[in-house]
1. Can you give me the relative contact order of the stretch A:2-75 as a percent, contacts being Cα pairs under 8 Å and 6 or more apart?
2. To two decimal places, what compactness ratio does the protein assembly as shown give when its Cα radius of gyration is scaled by 2.2 N^0.38 Å?
3. Among the lysines, select those whose C-alpha is under 22 Å from the C-alpha of A:Lys62, and discard any that sit fewer than 8 residues away in the same chain.
4. Net charge near A:Asp13: determine it from the other residues with C-beta under 15 Å of the C-beta of A:Asp13, scoring Lys and Arg +1 and Asp and Glu -1.
5. For chain B, take the longest principal axis of its alpha carbons; what is the angle in degrees between that and the long axis of helix B:14-25, to the nearest 10 within 0 to 90?
6. Using every alpha carbon pair in the stretch B:1-76, what percent of pairs falls into each 10 Å bin from 0 up to the bin containing the largest distance?
7. Using only DSSP helix segments of four residues or longer, with each worth -39500 (n - 2.57), what per-residue ellipticity at 222 nm results for chain A after dividing by its residue count and rounding to 500?
8. Mind checking the dipole of the stretch A:3-79: about its Cα centre, +1 per Lys or Arg Cβ, -1 per Asp or Glu Cβ, Debye to the nearest 20?
Number of protein chains: 2
Amino acid sequence: MEIVIAPRPGLLDPQGKAIQHALAALGYDSVEEVRSGKAIFLDVRAPSEEAAQDQARDMCRKLLANPVTEDFEIRACGPEEAP
Amino acid sequence: MEIVIAPRPGLLDPQGKAIQHALAALGYDSVEEVRSGKAIFLDVRAPSEEAAQDQARDMCRKLLANPVTEDFEIRACGPEEAP
């Protein structure tokens, strides 16, 4: 499955700003906002997709995401569907 | 839109391995593989969704992704749909 972690809206995201400036320097000045996050792809052994998602949610709360500054979203994807 | 960047299959991903070991230390030993990538959320001013995606693909090739070690995937999402 795929976990996408993004900085919370409203919080400063200096890495996103740096990417935006680098894109502008390359001529992409139509980019109005950039936010930079993480994508984590997990293969989890679990009896069901639901159980796997529950485990992943737990892992996000305990380790993968910072609950103060980040939001996360868990998405199912088949064993070979990660990009 | 959302850009998800993942290390190419078969390449070493030490950050993913570190996450896997940290998860195992927390008791999540059903996690069989972890790969660690990036998620970048862009707001782009463009005449159409297709034009925006074309621009994003260009940006990935020129700056955002490393074509030797990373694969990327571009996904449309509405202005407020980023997680």
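Throughout, read-outs are computed from the coordinates displayed, never taken from laboratory work. Not measured: the values here are computed from a predicted model. Cβ coordinates were reconstructed from backbone atoms using ideal geometry, including for glycine residues, and neighbour counts include every protein chain displayed.
1. Relative contact order, the stretch A:2-75: 49 percent.
2. In units of the 2.2 N^0.38 Å rule of thumb, it is 1.05.
3. By straight Cα distance, A:Lys62 reaches A:Lys38, B:Lys17, B:Lys38.
4. -1
5. With rounding to tens, the tilt is 50 degrees.
6. Percent of Cα pairs in each bin: 18, 38, 26, 15, 4.
7. About -8500 deg cm²/dmol.
8. Its charge dipole is roughly 240 debye.
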